[in-house]
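To start, the structure under review is shown below, and the notes come after it.
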Amino acid sequence: MAALAATTACSSSGTPGQGTNGTAPGYPQAQWVPADITNYTPADRPTGHPVRLVIVHVTQETFPDTLMLFGRPGYHASAHYTVRSQDGYLAQCVREQDVAWHAGNTAYNWRSIGVEHEGRVDELRWFTDALYERSAVLTAAICHRYRIPVDRRHIIGHNEVPGADHTDPGPLWDWSRYMRLVTTAFGRRPA
């Protein structure tokens, strides 16, 4: 937690839409750790730009380093959420109505929510039960909120974005397991 507190101090403060007691504006189970304004586009989604996708990423960094980078002015990258490996702890860095710069494709950024997962694509140890489970509940909530179909055409990996030069979430990401968890969590949500 000390690393997270230090990371929070590095981030910009007073971002509009912050929840109470440090909770996230879009997903109250996440801690609000805002990205710097130079790393995303303020917007008013879904008005004019419907959210139709969830894009799954793997950070290639540690959780605190990812949050520090998103909070660094001029980094020019961010994601809406970051999930910590060891316990599934969630941070929200960009409001869902704003456009995070995560996909490497402007059109995809404008119509998606980006979810980063702490870890490295070539190290299975990062893909813990807690990471999969918390991420799946988050993704199900996003799908419910924006009426996104729970399928692989609408929940995609960064490597599936046209023009992307990234390989994440990588070959060790268990898509079958993840989609089962998302489907189960989605089924538990009220209509």
Checklist entry - Tell me, which residue of the stretch 41-55 that is of a type in the set (Val, Ile, Thr) and surrounded by fewer than 17 Cβ atoms within 10 Å (Cβ to Cβ) is modelled with the lowest pLDDT? => result THR47
Next on the checklist: touching a Cys at 6+ places or on another chain (Cβ under 9 Å), open to solvent by less than 40 Å² (accessible area, probe 1.4 Å) and β-branched (Val, Ile, Thr): is that true of THR66 in this structure?
Outcome noted: yes
Next on the checklist: One residue is enough: does the stretch 179-187 have a residue meeting the conditions loosely packed, with under 13 Cβ neighbours inside 10 Å, touching a helix residue (DSSP H, G or I) at 6+ places or on another chain (Cβ under 9 Å) and more than 22 Å from ARG45 (Cα to Cα)?
Outcome noted: yes
Checklist entry - Can you name every residue in the stretch 157-178 that is of a type in the set (A, V, I, L, M, F, W, C) and surrounded by fewer than 19 Cβ atoms within 10 Å (Cβ to Cβ)? => result ALA164, LEU172, TRP175
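Could you list, in sequence order, the residues of the stretch 132-143 that are surrounded by 22 or more Cβ atoms within 10 Å (Cβ to Cβ) and more than 12 Å from the chain's Cα centre (by Cα)? Steps first, answer last, please.
Here is the first cut: in the stretch 132-143, the residues surrounded by 22 or more Cβ atoms within 10 Å (Cβ to Cβ) are 134-136, 138-140, 142-143.
Those that are surrounded by 22 or more Cβ atoms within 10 Å (Cβ to Cβ) and more than 12 Å from the chain's Cα centre (by Cα): ALA140, CYS143.
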Item to check | Tally, over the stretch 73-128, of residues that are of a type in the set (S, T, N, Q) and touching a helix residue (DSSP H, G or I) at 6+ places or on another chain (Cβ under 9 Å) | outcome: 4
Checklist outcome for this item: Checked the stretch 95-107 for anything open to solvent by 40 Å² or more (accessible area, probe 1.4 Å) and over 14 Å from the mean Cα position of the chain (by Cα); matches are GLY104, THR106, ALA107
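Any idea which of THR128, THR82 is over 21 Å from THR47 (Cβ atoms) and surrounded by fewer than 22 Cβ atoms within 10 Å (Cβ to Cβ)?
Working: THR82 fails: surrounded by fewer than 22 Cβ atoms within 10 Å (Cβ to Cβ).
The unique qualifying residue is THR128.
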Next on the checklist: Among the listed residues ARG95, ARG120, ARG125, ARG84, identify the single one that is at pLDDT 95 or above, in contact with an Asp or Glu (Cβ under 6 Å, 6 or more places away or on another chain) and charged (D, E, K, R).
Outcome noted: ARG84
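The values are calculated or read from the model by the stated rules, or taken from the named source; none is laboratory data. In this text, all values refer to a predicted model and were calculated from it rather than measured experimentally. In this analysis, Cβ positions are derived from the backbone assuming ideal geometry, glycine residues included, and neighbour counts consider all displayed protein chains. Keep in mind that these areas ignore ligands, DNA and RNA; they rest on the heavy atoms of the full protein, side chains included. Shrake-Rupley method; radii C 1.70, N 1.55, O 1.52, S 1.80 Å.
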